[in-house]
Structure formats: structure tokens, C-alpha cells
Amino acid sequence: MLQELPDHVPRAPRQVGTLLVLTPKAQPAYDTTRMAYSLRPYEVAYFRDHEWAEAPSQMLQPLLVWTLQQTGFFRATLTPPARGRTSYILDTDILELIQDFTVRPPVLRAAVRLQLLGPAGEPIASRDIAVRETMPEANPESGIVAANRAMAKILGEAARFVLNSVH
């Protein structure tokens, strides 16, 4: 499971706007419950006996929603199929989530692309966030721990990005 939340979430005075957090999308290699790793550059393989409880995009959405609610900025933080007009829309793409054994010590590489849109879907701002988290051991379990640490960092950066983009 991806379930670790950031230690610190930036806060801002409450506004009247609402934020719709779309279900994240993922690059095809990561749009699966299969847990990816790499032994050679430019190659992706999947563990046979280890997998995610859900696709990473499904696990990331509630973490994004919780993190953005904790900023205190939005009157409401919504998810599809929310109805009505929203002030902002957050669109997220998982670009990478892979245990990289091509380096020593091994690392978990995670990257997302965030795009903040206005109520009519017009782009306001975008940002790519990439994190490399060292794995203490070269095994899937260490990769899961590192993935949680990496995603917690990404969530904190995502909150800063959204707040800085709407002020």
C-alpha cells in the first residue's frame, strides 16, 4: 500500500474556492498493480510475488485529497463524480514509480506531473516533481518503504505547488 502522508503540510487562510482532484493517471508501465523494478537501464520488469494492493493512481488520489484538505485553503476538496462548479481542478500523472537496482545502493524513483486548471479547464500552472529515495536493502519490501517515503515528499510538494499557484 501507498499510505504515508507528509510530515508537514503547508497551510493557508481559508478561501471560498473548491478544488476537484481528478483520479491520477499513470504511464502504461505503472498503470497496474504489478510492482515495477529495473535491473538494466531502459528496462522494466515486474516482481512475481509482490504487487500493489491497488494501482498506484488509485492509492494516490485519497492521499492527495487528504493532503490538500490539510492546507485549510479550500472550502471543499472534491473527487469525481462531484457535481457543480469548481474553482480549480488538479490533474495528476504518475510518470515513474520504479525500484531501480541499476545503482548502488538501489533507489526508488518516483515522479509525477501536476497540472492545475481553472474552472473551464484552462491551464493555470504545471510542475513535474521527481524524487529518488534510497532503499536500505535490495528487495521489494525496502522498495515499498522507499515508495511511501517518496510519495509523502511528493504530496508535500504538491500542496506547496497548488497553494503557490492559486495565490
Expected sort for K153, K25 with the fewest Cβ neighbours (10 Å cutoff) up front is K25, K153
Summed over the other residues with a beta carbon less than 9 angstrom from that of R149, with K and R at +1 and D and E at -1, the charge totals -1
Of the residues L90, L20, L78, which exhibits the maximal mean-square fluctuation in a Gaussian network model of the chain defined by a 10 Å Cα contact cut-off? L78
Which value, in debye to the nearest 20, describes the size of the charge dipole of the chain about its Cα centre when Lys and Arg Cβ atoms bear +1, Asp and Glu Cβ atoms bear -1, and nothing else is charged? 580
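Can you check what the net charge comes to around P41, using other residues whose Cβ is under 13 Å from the Cβ of P41 (Lys, Arg +1; Asp, Glu -1)? Before the final figure, lay out the partial values.
Working: positive: R40, R109; negative: E43, D100.
Result for the local shell: 0.
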Would you kindly state the longest site-free stretch of the chain, with sites defined as GluC sites (Glu not before Pro) in a DSSP loop (not H, G, I, E, B) surrounded by at most 16 other Cβ atoms within 10 Å? 55-136
Cα axis of helix 56-70 to longest principal axis of the chain: angle in degrees, 0 to 90, nearest 10? 40
Percent RCO, i.e. relative contact order, over the chain, from Cα pairs under 8 Å lying at least 6 residues apart: 27
Rg over Rh, two decimals, segment 18-166 (C-alpha only, Kirkwood Rh): 1.01
So the angle from the long Cα axis of helix 140-166 to the longest Cα principal axis of the chain, reported in degrees to the nearest 10, equals 20
With springs connecting C-alpha atoms under 10 Å apart, model the chain as a Gaussian network and identify which of P56, P41, P24 has the largest mean-square fluctuation. P41
In a GNM of the chain with a 10 Å cut-off on Cα contacts, which of A111, A146, A120 has the highest mean-square fluctuation? A120
Per 0.36 nm of contour for each residue apart, how much would the distance between Q58 and A138 grow if the chain were fully extended, relative to their Cα-Cα spacing? 26.2 nm
Among N139, G118, S38, whose Cα sits farthest toward the positive end of the charge dipole of segment 18-166 (+1 at Cβ of Lys/Arg, -1 at Cβ of Asp/Glu, about the Cα centre)? G118
Can you list residues whose amide H is under 5 Å from F74's amide H, if they're 5+ apart or on another chain and H is modeled 1.01 Å from N? Q15
The set of residues whose placed amide H lies less than 5 Å from the amide H of M135, leaving out same-chain residues fewer than 5 positions away, is V107, L108
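Since every read-out is calculated from the coordinates, none of them should be taken as a lab result. What you see is a predicted model; the values in this text were computed from it and never measured. All Cβ positions, even for glycine, are placed from backbone atoms using ideal geometry, and neighbour counts span all protein chains on display.
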